[in-house]
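Inspection log for the structure reproduced underneath, given as structure tokens.
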Amino acid sequence: MAESSAEASGSVHRRCVAHAPAERDASPGVASKWIRLNVGGTCFLTTRQTLCRDPKSFLYRLSQADPELDSDKDETGAYLIDRDPTYFGPVLNYLRHGKLVLNRDLAEEGVLEEAEFYNITSLIKLIKDKIRERECKTSQVPVKHVYRVLQCQEEELTQMVSTMSDGWKFEQLVSIGSSYNYGNEDQAEFLCVVSKELHNQSYGTNSEPSEKAKGPHSLKAATHEEAHR
């Protein structure tokens, strides 16, 4: 499985197998240019120049045979690295040509883990920027709202607005004049527009204002409701 995934990433690799002595005893010039890496059982062949792209990386130190770096080799002379070869392919290709190329089945977070392990700073920054950009696009999905229009009298208005709850918010107040007369005083009437975010709920689910939000007298019943995108 790791082998086929790495092939898709374009890396030159194969399963590490023992070579004949004549093949291992390559000329000094060739041996110094090409380096074999055994990553999680999959062998990658690359140049020393490629591994030296980032002087602060683990792979740079490995290619320079850093004496402070405890590195083992397999029977073919390939450096042993206990990491996932599937995600190593894109890392190696980035060092080759400076571009991040991912198959659709590879997660950016997986490549980020490998980039952080190998300490390739420019690749770490590139992937984090791509992840932020992806998350930003996801967060820009339009939010649905439900609106209600409540009818109330002037004496009920202040209490109703101050006791809004359950996510309902006051949007607009419209005066509709004085329709009632109690004694010698006219009672002004208002239409109060309130709204609430649906949060991916199906229309109609929990879209009723609570009794507290409606006010003490249920406010003559709601007269209008619509879903707004």
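The values are calculated or read from the model by the stated rules, or taken from the named source; none is laboratory data. Model, not experiment: these values are computed from the prediction. Note that each Cβ is placed from the backbone with ideal geometry, even for glycine, and that neighbours are counted across all protein chains shown. Note: areas computed on protein heavy atoms with side chains; ligands, DNA, RNA excluded. Shrake-Rupley method; radii C 1.70, N 1.55, O 1.52, S 1.80 Å.
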(request) All but one of (1) open to solvent by 20 Å² or more (accessible area, probe 1.4 Å); (2) at pLDDT below 95; (3) touching a helix residue (DSSP H, G or I) at 6+ places or on another chain (Cβ under 8 Å) hold for residue 94, so report the exception by its number. (result) (2)
(request) May I ask you to say which residue of 163, 158, 138 is in contact with a helix residue (DSSP H, G or I) (Cβ under 6 Å, 6 or more places away or on another chain) and at pLDDT below 95? (result) 163
(message) Among the residues of the stretch 177-189, are any in contact with a Gly (Cβ under 9 Å, 6 or more places away or on another chain), at pLDDT 75 or above and among the aliphatic types (A, V, I, L, M)?
(response) yes
